[in-house]
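Data block below; observations after.
The numbers here are math on the coordinates, done by the rules we state, and not lab data. Everything numeric here is computed off the predicted structure, so don't read it as measured data. Positions of Cβ are backbone-derived with ideal geometry, glycine not excepted, and every protein chain shown enters the neighbour counts.
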Amino acid sequence: MNFNRFAGIFITSTILIWILIFALSPQPKYQTTNKVIIPSLPIASELSEDFSNMEPSQIEDSNFTVDIQDNIASAKSIIEEIDFDLYVYKVGAFGSPETVTKVIQSFGDNGFPAFAKPNESNKTLTTVLVGPFVSKDDIRTNQVVLNKIAGITTGEIITWNP
């Protein structure tokens, strides 16, 4: 009886495999043929000189000099010629580096770029600036939000040129 079951399973699975192969195989009458025309590449022009008999030679140090002078204008000179100003919002000057980092982080978390620079009048303080902004109106539009983030009532709009 075991042999009959194995033979039945074998025959059934063989028939099932043949049906699946036929059903899943692509049928030629339902397929469309697309012809792809690949253009041929132009034949490379032949070199006018014959380099097959060229041999390497040693370059003498006395005849070979390398010019290492930089004649390319730097980007700094281009930036210095910019004739428009940007604006930043001075939030305050802080003595603690932790406070400076915290304030800059809070502006960054709210989508405003902020940076610090040493205070010009008091070297022990660090000034936190938000921006740059294209116009003073951009700062005025966001001034309430900027003050709320910094926890201040007023700030100062400063002209800033990179």
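How far, in nm, would the chain grow between Glu156 and Asn34 when pulled straight, counting 0.36 nm per residue and subtracting the alpha carbon separation?
Details: separation 122, 0.36 × 122 = 43.92 nm, distance 6.86 nm.
Net length gain for the segment: 37.1 nm.
Semi-axes of the range 84-160's equivalent ellipsoid from the Cα gyration tensor, sqrt of 5 times each eigenvalue, largest first, rounded to whole Å?
Numbers: eigenvalues 71, 43, 22 Å².
Its equivalent ellipsoid spans semi-axes of 19, 15, 10 Å.
In nm, give the distance between the simple-model label positions of Leu86 and Lys136, each being 7 Å from the Cα along the Cα-to-Cβ direction.
Reported label-point gap for Leu86 and Lys136 is 1.9 nm.
Quick one: how many lysine pairs in the range 84-160 have C-alpha atoms under 21 angstrom apart, if they're 8 or more apart or on different chains?
10
What does the charge add up to near Phe133, with Lys and Arg as +1, Asp and Glu as -1, over the other residues with Cβ less than 15 Å from its Cβ? Could the numbers behind the result be given before it?
Numbers: positive: Lys90, Lys136, Arg140; negative: Asp85, Asp137, Asp138, Glu156.
Net of charged neighbours comes to -1.
Modelling each spin label as a point 7 Å along the Cα-to-Cβ direction, I'd like the Glu98/Gln58 distance in nm, to one decimal.
A separation of 6.9 nm, rounded to one decimal place.
Can you tally the net charge around Asn142? Count Lys and Arg as +1, Asp and Glu as -1, for every other residue whose Cβ sits under 13 Å from the Cβ of Asn142. If you can, show how the numbers build up before the last one.
Details: positive: Lys136, Arg140, Lys148; negative: Asp137, Asp138.
In short, +1.
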